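All remarks here apply to the structure that follows.
The values are calculated or read from the model by the stated rules, or taken from the named source; none is laboratory data. As the structure is a computational prediction, the values presented were derived from the model and not from experiment. A quick note on method: Cβ atoms are made from the backbone with ideal geometry, for glycine too, and the neighbour counts reach across all protein chains shown. Note: accessible area is taken over every heavy atom of the protein model, side chains too, but ligands, DNA and RNA are not part of it. Shrake-Rupley method; radii C 1.70, N 1.55, O 1.52, S 1.80 Å.
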Amino acid sequence: MDTKNIKKHINRLLLDPNNYRFIDHPFYTAVDPSKVADTTIQQRTAGFLRGKNNENIEDLINSFKTNGILRQDPIQVKKINDEFYVVIEGNRRVATLKYLYDIVKNHGIVGVLTENDFKSIDLIEIEGEDKQQELIAMGLNHIGGKKKWSPLNQSKLIQDLMSIHGMSTAEICNALGISKQLLNKSLRTLALIEAYRDSDYGDQFETTMYSIFEEIVKSPALRQWLGWDEKEMVCRDAVNQERIFSWISKAEVDDDSTDFPKVELPIITKSSEIRELSKFISDPKAISTMEEARSITKGLIDSEALGESRIQNAIKNIRSEIDATLKFSDFITPENKRSFEKLQGKLKLLLSDPASGMRLSTSSDIQPLDIDVISHFSKATVGSYRRIKDLKLDNLKRINLFVGPNNSGKTSILECFYLMTRLNDLAAFLEAEQLRSKSEEFNPEAIVSNIPANINITGTFNNSTTKVSLAKENTEENIDRTAYLTTLFADAIYGEQEWKSYTNVYQNSDPQIFYTSAAHLCKACFTSPYLHNRKKVQEAHKFAVEKKLLKRIIDFLKREVDSNIENIEQITLNGDSRFIVSSSLHSSGIDITKYGEGLQRIFEIALLLAYCNNGVLCIDEIDSGIHNKLLKKFTKFVLDLASEFNVQVFVSTHSKECVDAFAALDSEELMAYKMKFKEDQSLDFRFIGGKRLNEMVEDMDIDIR
């Protein structure tokens, strides 16, 4: 390749629109050499090089403005006609100089640069038509040199040297100064990427996925599973190739609730997850589990061979670390001992009988304590929960009304009482956060980021002390860290009994909760107008039917809401349970969702009051959807049911009409609490008994909100 030194004006230089730097750009298309000088082509190429707001050349702009145009690394060009030269090496620098030249023409000077600096740029002209040598020159700078392109661009240049210019493996390695291992890895990766681009998922390819494909072809286990043909650089097992492509791609599934398909995220999004996959790729059962759960973590957990190996390694590491620690036992502090106690509890889990069950994903299997509930919560202290700190609540009654404006902590108080009834059931903590997010989908990342780091709540229930605490912290255990987010630890005490549990939370995976034993303090529910808990209401309806309580609820709705209602039944259609209202106005039943929100809300709350017999019901925004004229009769109905079924009720509202309705009960079984955060973020908290509240409302028309 012949070269010579020349000097040319910046306007004589053309940017190369086919530069390998652009191979991975989403808007790149090959340009015919005859159109290189086209103004539109040059503008587009300059845009690729400069990036948004010049983010790709900001370093060069500052350097040129400060140091001028240095000749340490000359720009290489090739003459295309008597007027123009196309840049072979140095396109980013030329794009920067063209940008600065436009400024200089308007302002006369930029930093140390003047217009004269752009009239004779030092260049090296490449003579002849040896395209192969041009590519090698670029490869030396951007594959083996300091100014490396992205791996995809590097691989494409290597492939072209081999497939278009006929260079051998040895010739390319010698010319570019790279190893044969790197060359073959690049070719394998690019071949698999091209197969992916030709597949049904090809439109999802992004440059950032390169490392995933690279990791696939690096793994001997995955290459064998794919039937990789090293000579032809293709996968012979088309079925497995399609499967692995589906795992790294978004999937569309039919959603009966909408006219549009539901999009599920890829199972695999990082190269590290490919390394995990290679550990169990030959285990069909683990692969099936991964596909069903769309979770690499679930596949790992279900892999028998990997599980046995991890257990053996864990035992070896534990034995080694304990032996080492014993040698330094004189340095153990009280804090160290507390940490050892936590570890001891977790080791006990491993010694538990697996048949008794160490894991649960929901709270459905946990039963209430076998106690006679004579009295419910009489007092409570919220040590720490969200914005509430060191709040004492005394004189709790059967109906406890929390009143205040939005964001005054009303819902947080209700959550505290609900969580105390759940003791160490971590699923309840997660469900409470999911309810607060107003989402029916479990989103581990959102829930982990929003759930309080430390929760401490104490109460007196049935004349015995109840304590619940939760801590959020990263575990120091040797666990699978793939998609790991954090660990939640729950501790609970009731009287002399104590329970502990924990869960490691992973991205895109339902949590698995570990516990020595678990219990609920009593039956309890949390209901909110913002998220309908269909499953719980269905259970409550079944309970009401079995106990022959449904007629009483129907009678109230018929008397106070709609006189045409005859019955509300639960039926199952195509596997989906629905509530169907029978009415004298219609020949066939109507789905309850076709009725007003007020009827649905009254029906749900009444069912849950009966269902939570001898327990606790938390009702957020009780008046939501219920007409003001109905509130007095409805609050009386709530008190009657709560008394009949021995339920303690915690209610929130910001409605004056709702406060007036409860005050009209004129009951000793009512306590109202006014809440409001002050400017210094302290909580203004006051309580008024039901009798006194009624007098104040009647005598002064007081609004305690």
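Summary table
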read-out	value
Computed lengthening from residue 252 to residue 395, 0.36 nm per intervening residue step minus Cα-Cα distance	46.0 nm
Rounded to whole Hz, the Karplus (6.51, -1.76, 1.60) HN-Hα couplings of the stretch 218-235, x for glycine and proline	6, 7, x, 5, 6, 4, 5, 5, 7, x, 5, 9, 5, 5, 8, 6, 9, 8
Karplus 3J(HN,Hα) series, Hz, for the stretch 373-385 with 6.51 cos²θ - 1.76 cosθ + 1.60 (x for Gly, Pro)	7, 8, 9, 9, 6, 9, 7, 7, 10, 9, x, 7, 7
Cβ crowding within 10 Å averaged over residues, with 618-626, 414-422 ranked highest first	414-422, 618-626
Accessible surface, the stretch 1-99, averaged per residue in Å² (probe 1.4 Å)	55
Given 65/119; 397/632; 536/674; 523/656; 379/676; 78/180, the pairs whose alpha carbons are separated by over 23 Å	536/674; 523/656; 78/180
Residue-normalised accessible area of the stretch 523-586, given per residue in Å² at a 1.4 Å probe	58
Distribution of pairwise C-alpha distances over the stretch 406-563, 5 Å bins, in %	2, 8, 15, 17, 17, 15, 11, 7, 4, 2, 1, 0, 0
Highest-first arrangement of 554-562, 226-234, 14-22, 533-541, where packing means the average Cβ count within 10 Å	14-22, 533-541, 554-562, 226-234
Among 446-452, 656-662, 43-49, the order from most to least packed when residues are scored by Cβ within 10 Å on average	656-662, 43-49, 446-452
Convex hull volume per residue for the stretch 472-578, taking Cα atoms only, in Å³	204
Accessible surface of the stretch 618-695 [probe 1.4 Å, protein heavy atoms]: carbon and sulfur percent	46
Two-decimal Rg/Rh across the stretch 1-125, once Rg and the Kirkwood Rh are taken from alpha-carbon atoms	0.95
q = 0.06 Å⁻¹: log10 I(q)/I(0) that the Debye formula gives for the chain, counting C-alpha atoms only	-0.59
Beta bridges by DSSP in the chain, antiparallel share as percent, to the nearest 5	75
Under 25 Å from the Cα of residue 316 - lysines, other chains or at least 8 residues apart	279, 298, 327, 337, 342, 346, 348
Calculated [θ] (222 nm, deg cm²/dmol) that DSSP helices of n ≥ 4 give over the chain, each run adding -39,500 (n - 2.57)	-13000 deg cm²/dmol
On Cα atoms only, tilt of 91-107 relative to the major axis of the chain in degrees	90
Accessible carbon and sulfur surface of the stretch 381-489 relative to its total accessible area, %, 1.4 Å	39
Most positive-pole-ward Cα, 504, 488, 521, against dipole of the stretch 476-535 from beta carbon charges	521
Built amide H within the under 5 Å cut-off of residue 646, gap 5+	614
Convex hull of Cα atoms in the stretch 362-487, direction-averaged projection (nm²)	9.6
Two-site label geometry, residue 587 and residue 542: point separation in nm, points 7 Å out along Cα→Cβ	3.4
Amide N proximity, the stretch 5-23 versus residue 120 label position 7 Å along Cα-to-Cβ, cut-off under 12 Å	6-9
